[in-house]
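Okay, structure first, notes after.
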Amino acid sequence: MEKKEYVYLKRMLNISGYAVDYEIQKSLIKLSDELKTAHIIEEEEMPEDVVRFNSIVTVISDGQWEKTFQLVPPSKKDERNNKISVFTPMGAALFGYAVDDILLWDFPMGMKELKIIEVTQETHDKNFNVII
């Protein structure tokens, strides 16, 4: 995980303990647990196929459906334009994983297996601001 994004997520998770939605709370707890074992690297070392902020991601679930969306900070979510927050169950599940990774995540509709089939990086802001 890229260092600046790691710091941003940790700070956001520290202040997001007030989420009232149970499913979001559950996802945030799992994301927080995963950050404890994250491998932190500098931006220039980040592989292009890792899901991070502003990545455009295509996933398949148990071979039943395929979905493409952009993963964004909570303040930039826009579901009508397929921009989902990293704090949603889907966003939290995928952040930090890479193409061909398969993961299990407990979604509101139950446990799902997801496979990341494509990750495209939108141009990242080199001055990624951590605004709290």
Selection status of Lys3, surrounded by fewer than 16 Cβ atoms within 10 Å (Cβ to Cβ), farther than 16 Å from Leu114 by Cβ and in contact (Cβ under 8 Å) with a residue 40 or more places away in the chain: yes
Filter result for the condition that a residue is among the polar types (S, T, N, Q), within 20 Å of Glu118 (Cα to Cα), touching a strand residue (DSSP E or B) at 6+ places or on another chain (Cβ under 8 Å) and touching a residue at least 60 places away in the same chain (Cβ under 8 Å), over Ser85, Ser55: Ser55
Residue within the range 109-124 that is out of contact with any strand residue (DSSP E or B) (no Cβ under 9 Å at 6 or more places or on another chain) and in a strand (DSSP E or B) present: yes
Complete set of residues in the range 40-70 that are touching a Leu at 6+ places or on another chain (Cβ under 9 Å) and farther than 13 Å from Met1 by Cβ: Asn54, Ile56, Val57, Val59, Ile60, Ser61, Asp62
Residue list for the range 20-45, restricted to those being touching a Lys or Arg at 6+ places or on another chain (Cβ under 7 Å) and either surrounded by 15 or more Cβ atoms within 10 Å (Cβ to Cβ) or under 18 Å from Asp100 (Cα atoms) (or both): Leu35
Selected residue [surrounded by 19 or more Cβ atoms within 10 Å (Cβ to Cβ) and at pLDDT 95 or above] from Phe69, Phe53: Phe69
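The values are calculated or read from the model by the stated rules, or taken from the named source; none is laboratory data. Predicted model only: the values in this text are computed from it and were never measured. No Cβ is skipped: glycine too gets one built from the backbone with ideal geometry, and neighbour counts run over all protein chains shown.
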